[in-house]
Amino acid sequence: MDRGRFEELVAAAIESLPEDFKEKMDNVAIVVEDLPSPHEARRFGRGGRTLLGLYQGQPLTARDSRYGMSFPDKITIFQLNIESICRNDAEVREQVRKTVLHEIAHHFGIDDSRLHDLGY
C-alpha cells in the first residue's frame, strides 16, 4: 500500500474517536514510519513480537503542573510491520485502526495488560 493511502487509514482511525477524546490529544504528534529503529525494536519489541506502533511521552494520568512546556508526545505507526502481518487491504485497515487506538490508549494512561483484557 502506498504511504499516502496508509496515512489516510491512520487519519480515519483518529477521526473516528469521540470528540471528548480528540479534544484531549492536543499535544500528540502521530507519524508513520516504515519500521522501528533497531533500538526501538529491541527496547519495545516484547520478545519476538513485531512492533506495530509505539507511544512515547507522558500519559495524561501522569502529568502535573510541570508538564506545560514539554515536547509533544509521539505516536509512531509502523507501516511495513503492519503490512507484514496482513493479507489484504481490509486487514491492513483493521490493524491500523486497532494499532492507533492501542497507542492512543497509552496516551490516556491505559497499560498493555488492561488493553489486552479489552481486546487491544
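The values are calculated or read from the model by the stated rules, or taken from the named source; none is laboratory data. Here the structure is a predicted model, which is why all the values come from computation and not from measurement. Glycine gets a Cβ as well: all are built from the backbone with ideal geometry, and neighbour counts include every protein chain shown. These area figures cover heavy atoms from the full protein model, side chains too; ligands, DNA and RNA do not enter into them. Shrake-Rupley method; radii C 1.70, N 1.55, O 1.52, S 1.80 Å.
Please specify each residue of segment 75-110 satisfying the condition of being free of Cβ contacts under 8 Å to residues at least 60 places away in the same chain, open to solvent by 80 Å² or more (accessible area, probe 1.4 Å) and under 19 Å from Ile14 (Cα atoms).
Glu94
Can you pull out the residues in segment 7-47 that are in contact (Cβ under 8 Å) with a residue 60 or more places away in the chain and basic (Lys, Arg)? Quick ask: steps written out before the conclusion?
Going residue by residue through segment 7-47, those that are in contact (Cβ under 8 Å) with a residue 60 or more places away in the chain are 9-10, 12-14, 16-17, 21, 24-25, 28, 30.
If the condition is that a residue be in contact (Cβ under 8 Å) with a residue 60 or more places away in the chain and basic (Lys, Arg), then Lys24 is the only one that fits.
How about segment 27-43: which of its residues are within 15 Å of the chain's Cα centre (by Cα) and exposed (fewer than 14 other Cβ atoms within 10 Å of the Cβ)?
Of segment 27-43, the ones within 15 Å of the chain's Cα centre (by Cα) are 27-36, 40-41.
If the condition is that a residue be within 15 Å of the chain's Cα centre (by Cα) and exposed (fewer than 14 other Cβ atoms within 10 Å of the Cβ), then Ala29, Val31, Asp34 are the ones that fit.
Of all the residues that make up segment 84-119, how many are among the basic types (Lys, Arg) and in contact with a helix residue (DSSP H, G or I) (Cβ under 7 Å, 6 or more places away or on another chain)? Lay out the reasoning, then the answer.
Within segment 84-119, the first condition is being among the basic types (Lys, Arg), and the residues that meet it are 87, 93, 97-98, 114.
Next cut, in contact with a helix residue (DSSP H, G or I) (Cβ under 7 Å, 6 or more places away or on another chain) only: 93, 97.
Looking only at that region, the number is 2.
Which of the following residues is open to solvent by less than 60 Å² (accessible area, probe 1.4 Å), modelled with pLDDT under 95, among the hydroxyl-bearing types (Ser, Thr, Tyr) and under 24 Å from Met1 (Cβ atoms): Tyr55, Tyr120? Before you say what the answer is, go through the steps one by one.
Working: Tyr120 fails: open to solvent by less than 60 Å² (accessible area, probe 1.4 Å).
The match here is Tyr55.
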